[in-house]
Amino acid sequence: MQLKKILSYIHINYVQLFNIVEKYQPTYNPQKYKIFGNNFTKRETEDRVKFIEKYIPWTKVKSLLDIGSLFGYFVFRLSENRNIIAHGADISFEYIAYSRAIANLNEIDKTSFMTMELNSKSAKMLPKYNLILFLNVFHHIVHFQGFESADKIMRSLVSSCDYFIFETGTYTEKNQYWTKDLLFMGSNTNKWIETYLGELGLRIISVKKFSNHLNNVKRSVYVCQKII
């Protein structure tokens, strides 16, 4: 095994054994390497992947970006067996380092990962992608930066893609640190989200609810196409 692969393997197992970061996603491991530690994941991931795969016209997708990519599972899985350049971005260097280690261990050269603090300025600087995933990030941005900034980010992202995947925490999820910041959604959060996505120039192709690890409220994943 090459030195880079050995070091990557050690890094992956170090993160898993010592729980360096929260494990929201499984580790992409197509070659079935032995990974030590508890590989329990907090969030359904493969079900979301299969849902997205079903409704995206892949012949039209040559590039994708996953914002808030964590372990990079969506990046690896959605580019798997496809001629796609796939990028992941996350504010956490620990998640990015882990994702890069997975790519090195599995000798995947069509993916890349970058640390990025997403704000209204950095969102404007992103290049165009055929597909952008923005899963479970919006509510955090609303809390830390305010809705006005989150709205500017959303508009920049939508203008930079052809297809857009969206999921967010909602006001109906009580007692979270960001709950009160989402008061504008009201009690019918799905209606607010669907109206908002339409105002951004998106057509919802399909939507499906998935469980989350914080409570019993299911979050909706929206597969959208930009129409204007």
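Does Tyr196 count as within 16 Å of Leu131 (Cβ to Cβ) and either modelled with pLDDT of 95 or more or not β-branched (Val, Ile, Thr) (or both)?
For Tyr196, the condition - within 16 Å of Leu131 (Cβ to Cβ) and either modelled with pLDDT of 95 or more or not β-branched (Val, Ile, Thr) (or both) - is not met.
Which ones in the stretch 59-106 are surrounded by fewer than 22 Cβ atoms within 10 Å (Cβ to Cβ), among the charged types (D, E, K, R) and either at pLDDT below 95 or under 16 Å from Cys161 (Cα atoms) (or both)?
Within the stretch 59-106, Lys60, Lys62 qualify.
For the stretch 150-157, state whether one or more residues are crowded, with 18+ Cβ neighbours inside 10 Å and more than 20 Å from the chain's Cα centre (by Cα).
no
Can you tell me which residue among Asn38, Asn13, Asn29 is farther than 22 Å from Lys208 by Cα, out of contact with any His (no Cβ under 8 Å at 6 or more places or on another chain), surrounded by fewer than 13 Cβ atoms within 10 Å (Cβ to Cβ) and of a type in the set (S, T, N, Q)?
Asn38
How many of the residues in the stretch 161-180 are more than 17 Å from Val223 (Cβ to Cβ) and either part of a loop (DSSP other than H, G, I, E, B) or of a type in the set (Ser, Thr, Tyr) (or both)?
Result for the stretch 161-180: 11.
Among the residues of the stretch 47-68, is any β-branched (Val, Ile, Thr) and in contact with a Gly (Cβ under 6 Å, 6 or more places away or on another chain)?
No, there is no match, as no residue in the stretch 47-68 is β-branched (Val, Ile, Thr) and in contact with a Gly (Cβ under 6 Å, 6 or more places away or on another chain).
Taking Val142, is it touching a residue at least 24 places away in the same chain (Cβ under 8 Å), farther than 25 Å from Ile84 by Cβ and either under 15 Å from the mean Cα position of the chain (by Cα) or not in a loop (DSSP other than H, G, I, E, B) (or both)?
Yes, satisfied.
Run Leu183 past the list (1) without any contact (Cβ under 8 Å) to a residue 24 or more places away in the chain; (2) touching a helix residue (DSSP H, G or I) at 6+ places or on another chain (Cβ under 6 Å); (3) not in a loop (DSSP other than H, G, I, E, B) and report the number of the one that doesn't hold.
Failing condition for Leu183: (2).
Taking Asp162, is it within 27 Å of Leu78 (Cα to Cα), without any contact (Cβ under 8 Å) to a residue 12 or more places away in the chain and out of contact with any Cys (no Cβ under 9 Å at 6 or more places or on another chain)?
No; evaluated as a whole, the condition is false for this residue.
Considering only the stretch 158-177, how many residues are of a type in the set (A, V, I, L, M, F, W, C) and surrounded by fewer than 23 Cβ atoms within 10 Å (Cβ to Cβ)?
Residues that pass the stated criteria total 1.
Do you know which residues across the stretch 186-212 are among the aromatic types (Phe, Trp, Tyr) and outside any helix (DSSP H, G or I)? Please lay out each step first, then the result.
Here is the first cut: in the stretch 186-212, the ones among the aromatic types (Phe, Trp, Tyr) are 192, 196, 210.
Scanning the stretch 186-212 gives a single hit, Phe210.
Suppose we keep only residues that are of a type outside the set (Gly, Ala, Ser) and touching an Asp or Glu at 6+ places or on another chain (Cβ under 9 Å) within the stretch 214-228. Which one would you say is nearest to Glu167 (Cα to Cα)? Can you show your working first?
Going residue by residue through the stretch 214-228, those that are of a type outside the set (Gly, Ala, Ser) are 214-219, 221-228.
Now drop any that are not touching an Asp or Glu at 6+ places or on another chain (Cβ under 9 Å), which leaves 214-215, 217, 219, 221-222, 225-226.
Details: Leu214: 15, Asn215: 15, Val217: 13, Arg219: 7, Val221: 5, Tyr222: 6, Gln225: 15, Lys226: 16 Å.
It comes out as Val221.
The values are calculated or read from the model by the stated rules, or taken from the named source; none is laboratory data. Since we're looking at a predicted model, the values are computed, not measured. A quick note on method: Cβ atoms are made from the backbone with ideal geometry, for glycine too, and the neighbour counts reach across all protein chains shown.
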